[in-house]
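Asks: Handing you this structure, nothing more for now.
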Number of protein chains: 2
Amino acid sequence: MNVQIKKQNNSTINEDELINLSKEELVSKIKALTAHNFQLKSIIAKSEITKAPKRNNKPFNFAKCTFRKVLLKILYLGWDYQGYVVQEDTTNTIEHHLFEALIKTCLIKSRQESDYHRCGRTDKGVSSYGQVISINLRSKLLNNDQDNIKEELDYCTMLNRVLPCNIQCIAWSPILNEFSARFDCKSRVYKYFFFKGELDIEKMRIGSNHLLGDHDFRNFCKMDVGNGVTQFNRNITKINIDLFHKWGSNKEDYDSYVITIEGQAFLWHQIRCIMGILFLIGQNRELPEIVKELLDVDQNPRKPEYNMASEIPLNLFECNYDDENIIWNYSEISLNMVLENLKKKLTYSSIKANMLMYMINDLEQKGFGEKKKTYFSDFLLQGIKTKNYVPVMKRQKYSLEDKIKHYTKRKRIEINNQ
Amino acid sequence: MNVQIKKQNNSTINEDELINLSKEELVSKIKALTAHNFQLKSIIAKSEITKAPKRNNKPFNFAKCTFRKVLLKILYLGWDYQGYVVQEDTTNTIEHHLFEALIKTCLIKSRQESDYHRCGRTDKGVSSYGQVISINLRSKLLNNDQDNIKEELDYCTMLNRVLPCNIQCIAWSPILNEFSARFDCKSRVYKYFFFKGELDIEKMRIGSNHLLGDHDFRNFCKMDVGNGVTQFNRNITKINIDLFHKWGSNKEDYDSYVITIEGQAFLWHQIRCIMGILFLIGQNRELPEIVKELLDVDQNPRKPEYNMASEIPLNLFECNYDDENIIWNYSEISLNMVLENLKKKLTYSSIKANMLMYMINDLEQKGFGEKKKTYFSDFLLQGIKTKNYVPVMKRQKYSLEDKIKHYTKRKRIEINNQ
């Protein structure tokens, strides 16, 4: 508040007072203000990241080029990015880097003219082993030579050379012009990684099996009413919980599991909401039957409040297409470099994990932390935990109708304010 | 360059021109400048992190306090810090946070008056499970009551409440006034974590055993001539390479090892230089006997250039003291919180490692990366790798004398410049 007032005082000037000053006094005032301005500009200049001046290259002549429609398979470690989709207030998105690379390599003229579709929108922090996009790229072959795939530009290597090492193109396929990575996708496969900890995996399996098939998942997602989503029926075709790595006979808590969920399409935060509920089942805080209750929207039309699970362990692992014409072309050189980078990241993540585990073991051997059992999955559940557990079905609930009402109301208020 | 010129133009004013202007024109100029100033200030205000105004509390009255000399055992995950020791150009050091906490809790009046010693200076990125400092802290007991340890302030809990969660005090011990964490330390134990990868552990063991005992380690350190270190004899009393975790029968590469090195004192970068050479031995690029050659400073008085190993896997694990009076007091509540944080960090590091391993496995099952064997330890070796391996003893060398000459010369130049 003080700062605000001070700023306003500094910016308002009293014209009457000024006109009574001598010319010399006015000039000296101008000098002081100019010096101050210079000082302020230096502060701004220092705080700004020094940007290299843009080279004024001759624009690439696309008029002479042929184009072809392709799918690109993109791998990314999304942990340090703000999500897949471009955003106005940050350049730290996968899509931003992708288009920067596509434009830098002159493979497209602009996003608008590239007939671009993405298969999945992944949230902040989510990774992908197999995101797929469809796009119109510059070709070095004439239209009637484009079957000769081996002669085509090495799209992966070209892009990977300018992409950050945590966003890499791992394969491409020619497709028909009307094909869309989004609308022609037949199934999406997500994987979610977690520690066994105190979880009862068998109960989680029972709960997860209730999710199979076509259901109204409004209680297992963030209802995206703002974007016009009011239909919540989705079909989960496969759900498996598998042991990925057994740590050792005496440390079952550290066994690693991965859950695989497949379906044609998913709702906003659907996997993370599912994981939130499955963790509560594994922790024996809820019965596996709660899944059935939540799917029964006639009986339970209002979504109870519960914490969804962290985004970090989530991976959009595969996007599948029926089309027989899709033949993924992998560039071996490119893939070896991708592998090298993954192994480097693995080395450092593992070393950190091992050092942490070593320290934990030593503290536990000294007799600390024994009385208190750790729910590793609690670290993945976001939001506030109440001291005394309140069963999910007894918590505060809100319905789709509440949500629509809220949204309409908010929108009206915004309009009035403008 | 353009920006620079523009700035200067804006800041210089032509007084003669100004004096020829009418008063009205001058006033309007002042108005424009003031508005511009306001605009610039808004930009600065936006770019600055909003700082809470400092409370003008009455200073804590230390005059009434008794003090006692203690040891504090500090655990830190150093990966995201700029090192242990305070630096002028950053606040992102362990010591900075430690003193901020000591002052915030009014346990000391100032660093200068606290009779402070640290046991080990750890580099940027290095962690510690058992760093020890000696310091004079405020006590709530009268001098003759200070044997009643259980009645003393709960130093760990007090400090941990204001310390970042990755820097925590895990124990304290009363000590005699003249005791120093640095000079009374009897042994320091470092641990270094790594993947087996393609390493021949047996050869590394043979090489490491040559390090045992009292040697001149000038070829195994960064000679810190600038700080007056010209004596390089140190005594390594223990060195073990142990399997920490067996990944699984079919993936020996992913087995985790930890090397433990103990000695009374160490040179700058000594462990990381040792690891650099041991990795080359494990990779079968050097023979275990190279260790003997490098320790023979009569035969090899000049240090050959080689890459030292990364700082991330390094941990100052223990600082040991002879004194029978040292009784470490652990605060159970505090330690449970430390354990919780370590387990949380472990969860996320492990999940990332598992996701990476899952993707690597999938790519390798598709047949990629098979021809090219990965040296995981190469990811830990810093600096440039030449395409064709040059044996260490055939590389460019520099001696302590070169180093002293270089330093004296540089210093002279600096003095002349001033």
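The values are calculated or read from the model by the stated rules, or taken from the named source; none is laboratory data. All values derive from a computational prediction rather than experimental measurement. Glycine also receives a Cβ, built like all others from the backbone with ideal geometry; neighbour counts cover every protein chain displayed. These accessible areas exclude ligands, DNA and RNA; they are computed on the full protein's heavy atoms, side chains included. Shrake-Rupley method; radii C 1.70, N 1.55, O 1.52, S 1.80 Å.
Asks: Please report the accessible area of residue B:386 (heavy atoms, 1.4 Å probe, ligands and nucleic acids excluded) in Å², nearest 10.
Replies: Its accessible surface works out to 90 Å², give or take rounding.
Asks: By average Cβ neighbour count within 10 Å, what is the ranking of B:354-364, A:142-152 from highest down?
Replies: B:354-364, A:142-152
Asks: For residue B:394 and residue B:147, FRET efficiency with R0 = 56 Å and r from the beta-carbon atoms, rounded to 0.05?
Replies: 0.35
Asks: Using each residue's phi in region A:18-24, evaluate 6.51 cos²θ - 1.76 cosθ + 1.60 at θ = phi - 60° and report the 3J(HN,Hα) Karplus result to the nearest Hz, with x for Gly and Pro.
Replies: With coefficients 6.51, -1.76 and 1.60, one gets 5, 5, 7, 7, 6, 4, 4 Hz.
Asks: Charges on Cβ only, +1 for Lys and Arg, -1 for Asp and Glu, centred on the Cα centroid of the protein assembly as shown; of A:347, A:267, B:369, which one is farthest towards the dipole's positive end?
Replies: In the protein assembly as shown, that residue is A:267.
Asks: May I pose another question? Treating only the Cβ of Lys, Arg, Asp and Glu as charged (+1, +1, -1, -1), what charge dipole size does chain A show about its Cα centre? Round to the nearest 20 debye.
Replies: That gives chain A a dipole magnitude of about 1060 debye.
Asks: Within 11 Å, Cβ to Cβ, of residue B:301, how many net charges do the neighbouring residues add up to if Lys/Arg are +1 and Asp/Glu are -1?
Replies: My count for the surroundings of residue B:301 gives -1.
Asks: Computed over the Cα atoms of region A:341-402, what is the convex hull's projected area averaged over all directions, in nm²?
Replies: Seen from a random direction, the Cα hull of region A:341-402 projects 8.2 nm² on average.
Asks: Right, here's the next one. Which residue fluctuates most in the GNM of chain A (Cα springs below 10 Å): A:135, A:261, A:103?
Replies: Its mean-square fluctuation being the largest, the pick is A:103.
Asks: Quick check: with the 1.4 Å probe, what order do A:41, A:186 take by accessible area, largest first?
Replies: Descending accessible area places them as A:186, A:41.
Asks: Placing +1 at every Lys and Arg Cβ and -1 at every Asp and Glu Cβ, with all other atoms neutral, what dipole size does the protein assembly as shown have around its Cα centre, in debye to the nearest 20?
Replies: In debye, rounded to 20, the protein assembly as shown gives about 1680.
Asks: What are the nm distances, shortest first, from residue A:406 to its equivalents in the other copies, labels at 7 Å along Cα→Cβ?
Replies: 6.4
Asks: Counting pairs of alpha carbon atoms under 8 Å apart in space and at least six apart in sequence, what relative contact order in percent does region A:183-330 give?
Replies: Over region A:183-330, the number comes to 39 percent.
Asks: Taking the Cβ-Cβ separation of residue B:44 and residue B:15 as r and a Förster radius of 25 Å, what is the calculated FRET efficiency to the nearest 0.05?
Replies: Taking R0 as 25 Å, the efficiency between residue B:44 and residue B:15 is 0.35.
Asks: Give the A-B buried accessible area in Å², both sides summed, 1.4 Å probe, nearest 100.
Replies: 9400 Å²
Asks: Which of A:352, A:246, A:140 moves the most in a Gaussian network model of chain A with Cα springs under 10 Å?
Replies: Result for chain A, Cα springs under 10 Å: A:352 fluctuates most.
Asks: In nm, to one decimal, how far is the residue B:384 label point from the residue A:87 one, both placed 7 Å along Cα→Cβ?
Replies: Calculated label separation equals 3.9 nm.
Asks: Here is a further query. Evaluate peptide B:16-27: per residue, the Cβ atoms of other protein chains within 10 Å of its Cβ; return the mean as an integer.
Replies: Per residue, the number of nearby Cβ atoms from other chains is 4 on average.
Asks: Please express the shape of region B:152-284 as an equivalent ellipsoid: the semi-axes are the square roots of 5 times the eigenvalues of the C-alpha gyration tensor, given largest first in whole angstrom.
Replies: Whole-Å semi-axes of the equivalent ellipsoid: 32, 24, 13.
Asks: Using a 1.4 Å probe, what is the accessible area per residue for the protein assembly as shown, in Å²?
Replies: Using a 1.4 Å probe on heavy atoms only, each residue of the protein assembly as shown averages 53 Å².
Asks: Only protein chains counted, 1.4 angstrom probe. Which residues of region B:190-238 are at least 50 Å² less accessible in the assembly than when their chain is isolated?
Replies: B:193, B:195
Asks: Hey, another quick one. Looking at the P(r) of chain B, how many percent of alpha-carbon pairs lie beyond 27 Å?
Replies: For chain B, the share of Cα pairs beyond 27 Å comes to 65 percent.
Asks: Pop the C-beta distance of residue B:264 and residue A:322 into the FRET formula with R0 = 60 Å and round what comes out to the nearest 0.05.
Replies: The value I calculate is 0.30.
Asks: Suppose you put the label 7 Å out from Cα in the Cβ direction; list, shortest first and in nm with one decimal, how far residue A:296 is from each other copy's label.
Replies: Distances to the matching label points in the other copies: 8.4 nm.
Asks: Let me ask something else. Got a sec? Charge dipole of the protein assembly as shown, +1 on Cβ for Lys and Arg, -1 for Asp and Glu; which of B:61, A:294, A:243 is way out at the positive end?
Replies: So the residue we want is B:61.
Asks: Now for a different question. Cα convex hull of the protein assembly as shown: how many Å³ per residue?
Replies: Value for the protein assembly as shown: 257 Å³ per residue.
Asks: Rounded to a whole number of µm²/s, how large is the Stokes-Einstein D of region B:136-189 at 25 °C and 0.890 mPa s, given Rh as the Kirkwood radius over C-alpha pairs?
Replies: The diffusion coefficient I find is 185 µm²/s.
Asks: Near the amide H of residue B:329, under 5 Å away, which other amide H atoms are found, from residues 5 or more places off or on another chain, if H is placed in the peptide plane?
Replies: When sequence neighbours closer than 5 places are left aside, the close amide H contacts are B:172, B:173.
Asks: From the label point of residue B:23, set 7 Å along Cα to the beta carbon, how far off in nm is each other copy's matching point, shortest first?
Replies: Reported distances to equivalent positions: 1.2 nm.
Asks: Which percent of the accessible area of chain B is formed by carbon and sulfur heavy atoms (probe 1.4 angstrom)?
Replies: Carbon and sulfur atoms account for 48 percent of the accessible area of chain B.
Asks: Under a Cβ-Cβ cut-off of 9 Å, what is the net charge of the residues other than residue A:141 that fall near it, where Lys and Arg count +1 and Asp and Glu count -1?
Replies: So the environment of residue A:141 carries a net charge of -2.
Asks: So, one more: Calculate the dipole size of region A:15-147 relative to its Cα centre from +1 charges on Lys and Arg beta carbons and -1 charges on Asp and Glu beta carbons; express the result in debye to the nearest 20.
Replies: That gives region A:15-147 a dipole magnitude of about 900 debye.
Asks: Let me ask another. Less than 14 Å Cβ to Cβ from residue A:358, Lys/Arg counted +1 and Asp/Glu -1: what total charge do the surrounding residues give?
Replies: It works out to a net charge of +2.
Asks: Here's a follow-up. Compute the long axis of helix B:94-104 from its Cα atoms, compare it with the longest principal axis of the Cα atoms of chain B, and write down the angle in degrees, 0 to 90, nearest 10.
Replies: Computed tilt is about 50 degrees.
Asks: Return a whole-number percent for the relative contact order of chain B, with Cα pairs under 8 Å and 6 or more residues apart as the contact set.
Replies: Dividing the mean separation by the residue count of chain B yields 18 percent.
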